[in-house]
Amino acid sequence: AETNEFYDLVGKLAAAGRSVIFVFQGRDSAGKSGAIERIVQAIDYDFKNFMWVTIGKPTDEEKQHPFLWRFGIGDRVPKHGQVRAFDRSWNERLLVEVVDKLASKEDLMASYAQVRAYEWLRRQEGAIFVKVWMDITYDEQGERFKQRKAEKPRKSTDADEDARGKWDKYTIAANEMFFRTGTDFAPWYLVSSEDKRYSRVTVLQLANQLIRADL
């Protein structure tokens, strides 16, 4: 039911002067990709109006620009009627760079305000934000990493163990991010992903609720 409703609602975005920006953050192996796959299915693989944007480390070229620059290049900013799903996003700066101390405290404090301003501008253009933090427990993450090592060894990296070693630091950074970048026009939603099917359905239901309220 939620899949059909999402498909119908997306069909009404253009006429309403609206677009949708999904922002997925969360623990490693929390199921961000699986949730986006469910969205792709729900829009019936309509890649004319949908883009899955995977965000990794900035390139050398991207480092020469302000950190938000790379999120506006190409077709990453949706036109009316379009949907974008960010598999990690501009909020990585408020997580990785905070935890690993990759930027000065002054720069990071400025980044919270820049993120709020950036999302406000997108909102003025008609974007509906669905900002989701997908959460799992420490034990569940450990199980998923074990499974990944056994079934998809190429996806298993040292970064997995690194993330576990910094679990508590990421918790603190995430809470700070929620507090400083959760706004009335782009709030954060925490979704439990212990059960992957539950989280995927919940994300679609949440999107439907937010889009419905804005059309």
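Would you mind stating whether S192 is open to solvent by 10 Å² or more (accessible area, probe 1.4 Å), modelled with pLDDT of 95 or more and under 28 Å from A1 (Cβ atoms)?
Here the answer is yes, as S192 does meet what is asked.
Among the listed residues R76, R88, which satisfies the condition of being in contact (Cβ under 8 Å) with a residue 12 or more places away in the chain, out of contact with any Lys or Arg (no Cβ under 6 Å at 6 or more places or on another chain) and buried (at least 17 other Cβ atoms within 10 Å of the Cβ)?
Just a single option satisfies the conditions, and that option is R88.
Between residues in region 154-172 that are under 14 Å from G142 (Cβ atoms) and residues that are part of a helix (DSSP H, G or I) and open to solvent by 40 Å² or more (accessible area, probe 1.4 Å), which pairs lie under 9 Å by C-beta distance while being six or more apart or on different chains?
Once the first residue is under 14 Å from G142 (Cβ atoms) and sits in region 154-172, its partners that are part of a helix (DSSP H, G or I) and open to solvent by 40 Å² or more (accessible area, probe 1.4 Å) give S156/R148; S156/K149; S156/A150; D160/R148; D160/K149; A163/Y170; R164/Y138; W167/Y138.
Do you know which residues across region 101-112 are within 22 Å of D28 (Cβ to Cβ) and touching a residue at least 12 places away in the same chain (Cβ under 8 Å)?
Once the filter is applied, which keeps residues that are within 22 Å of D28 (Cβ to Cβ) and touching a residue at least 12 places away in the same chain (Cβ under 8 Å), region 101-112 yields L108, S111.
I need the full set of residues from region 166-185 which are closer than 30 Å to K12 by Cβ and assigned to a loop (DSSP other than H, G, I, E, B), in order please.
Correct list: G182, T183, D184, F185.
Among the listed residues A163, A110, A150, A127, which satisfies the condition of being farther than 15 Å from R180 by Cβ, among the hydrophobic types (A, V, I, L, M, F, W, C) and loosely packed, with under 14 Cβ neighbours inside 10 Å?
Going through A163, A110, A150, A127 in turn, the sole match is A150.
Out of (1) out of contact with any helix residue (DSSP H, G or I) (no Cβ under 6 Å at 6 or more places or on another chain); (2) open to solvent by less than 40 Å² (accessible area, probe 1.4 Å), the odd one out for S104 is which?
(2)
Mind checking which residues of region 39-57 are open to solvent by 50 Å² or more (accessible area, probe 1.4 Å) and at negative phi?
Q41, F47, K48, N49, M51, W52, T54, K57
Filter region 124-165 down to the residues that are β-branched (V, I, T) and not in a strand (DSSP E or B), then identify the one that is nearest to the chain's Cα centre (by Cα).
I136
Only one of these is more than 21 Å from L68 (Cα to Cα) and touching a residue at least 12 places away in the same chain (Cβ under 8 Å): F178, F185, F145. Name it.
F145
Hey, can you tell me all the residues within region 186-215 that are assigned to a loop (DSSP other than H, G, I, E, B) and either under 16 Å from the mean Cα position of the chain (by Cα) or among the charged types (D, E, K, R) (or both)?
A186, P187, S193, E194, D195
The values are calculated or read from the model by the stated rules, or taken from the named source; none is laboratory data. Note that the structure is predicted; figures quoted are calculated from it, not measured. Cβ coordinates were reconstructed from backbone atoms using ideal geometry, including for glycine residues, and neighbour counts include every protein chain displayed. SASA here: full protein model, heavy atoms, side chains in, ligands and nucleic acids out. Shrake-Rupley method; radii C 1.70, N 1.55, O 1.52, S 1.80 Å.
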